[in-house]
Amino acid sequence: DVKVTQSSRYLVKRTGEKVFLECVQDMDHENMFWYRQDPGLGLRLIYFSYDVKMKEKGDIPEGYSVSREKKERFSLILESASTNQTSMYLCASSSTAKTGYRTQYFGPGTRLLVL
Amino acid sequence: DAKTTQPPSMDCAEGRAANLPCNHSTISGNEYVYWYRQIHSQGPQYIIHGLKNNETNEMASLIITEDRKSSTLILPHATLRDTAVYYCIDFNAGGTSYGKLTFGQGTILTVHP
């Protein structure tokens, strides 16, 4: 079974703090994604990576950065946390297999509260 | 805007089949029908996907109409643990797209004892 793990299920941080969210997948997937999920706004893509050291901006990259130094690990960094970054953060991974089989598998999520 | 349409909520008795409908009025030829579910406060869980043919796995069955404008997810013997929000998605995983998932409002399925 595909397993995607995230470093924390719940985090509480203060405004201005630097926050690191880590995601690890064990299926040798090429693609990794960071989303945030908010009530009424659905799922929004922050960043994704299709290879080690490669990254692409999603729809809402402002205030975030990412790092992918190893294939299995994708980190999301909030450079200076703000209250509007309070959200559920979801990591996902997928394989660059034949078309149509790029199923994304999600981690359990990190619920971040910024005070 | 979500491209699929689902009923906002459905109820099902434990042990009975749950049939969740979805309309895909704008689905294109290279888009697959995907179903995910999300149990409260957890990450989305992949259930099943298909292109044209009906599909079955250990979790569910997927029925896609011939014109691909609608699909039905079937949980053959619903349990209380199947209570969740179910999302159907038209997902283009080909071309230059690495696949951005967009969830609509989904269907809240409540399984009753």
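Is it the case that B:CYS88 is surrounded by 15 or more Cβ atoms within 10 Å (Cβ to Cβ), in a strand (DSSP E or B) and away from chain A (no Cβ under 14 Å)? Answer is no for this residue.
Determine whether A:TYR47 is within 9 Å of another protein chain (Cβ to nearest Cβ) and crowded, with 20+ Cβ neighbours inside 10 Å. No.
Exactly one residue among A:SER80, A:SER67 is within 23 Å of A:LYS18 (Cβ to Cβ), part of a strand (DSSP E or B) and more than 14 Å from chain B (Cβ to nearest Cβ), and that residue is A:SER67.
Inspection of the stretch A:95-110 identifies at least one residue that is assigned to a strand (DSSP E or B), within 14 Å of another protein chain (Cβ to nearest Cβ) and farther than 21 Å from A:GLU30 by Cα. All told, B:SER28 falls short of being among the small types (Gly, Ala, Ser) and on the phi > 0 side of the Ramachandran plot. Evaluated against (1) in contact with a Gly (Cβ under 9 Å, 6 or more places away or on another chain); (2) farther than 22 Å from B:GLN38 by Cβ; (3) of a type outside the set (Lys, Arg); (4) part of a strand (DSSP E or B), A:MET88 falls short on exactly one condition, (2).
Exactly one residue out of A:VAL52, A:VAL12, A:VAL2 is part of a loop (DSSP other than H, G, I, E, B), among the aliphatic types (A, V, I, L, M) and under 21 Å from B:SER41 (Cα atoms), and it is A:VAL2.
Identify, by number, the condition in (1) in contact with a strand residue (DSSP E or B) (Cβ under 8 Å, 6 or more places away or on another chain); (2) more than 10 Å from chain A (Cβ to nearest Cβ) that B:PHE103 doesn't meet. Answer for B:PHE103: the failing condition is (2).
Read-outs: derived from the displayed coordinates by stated rules, not from any lab. Computed from a prediction, not measured in an experiment: that's the story for all the values here. Here Cβ is always computed from backbone atoms with ideal geometry, including for glycine, and neighbour counts include all displayed protein chains.
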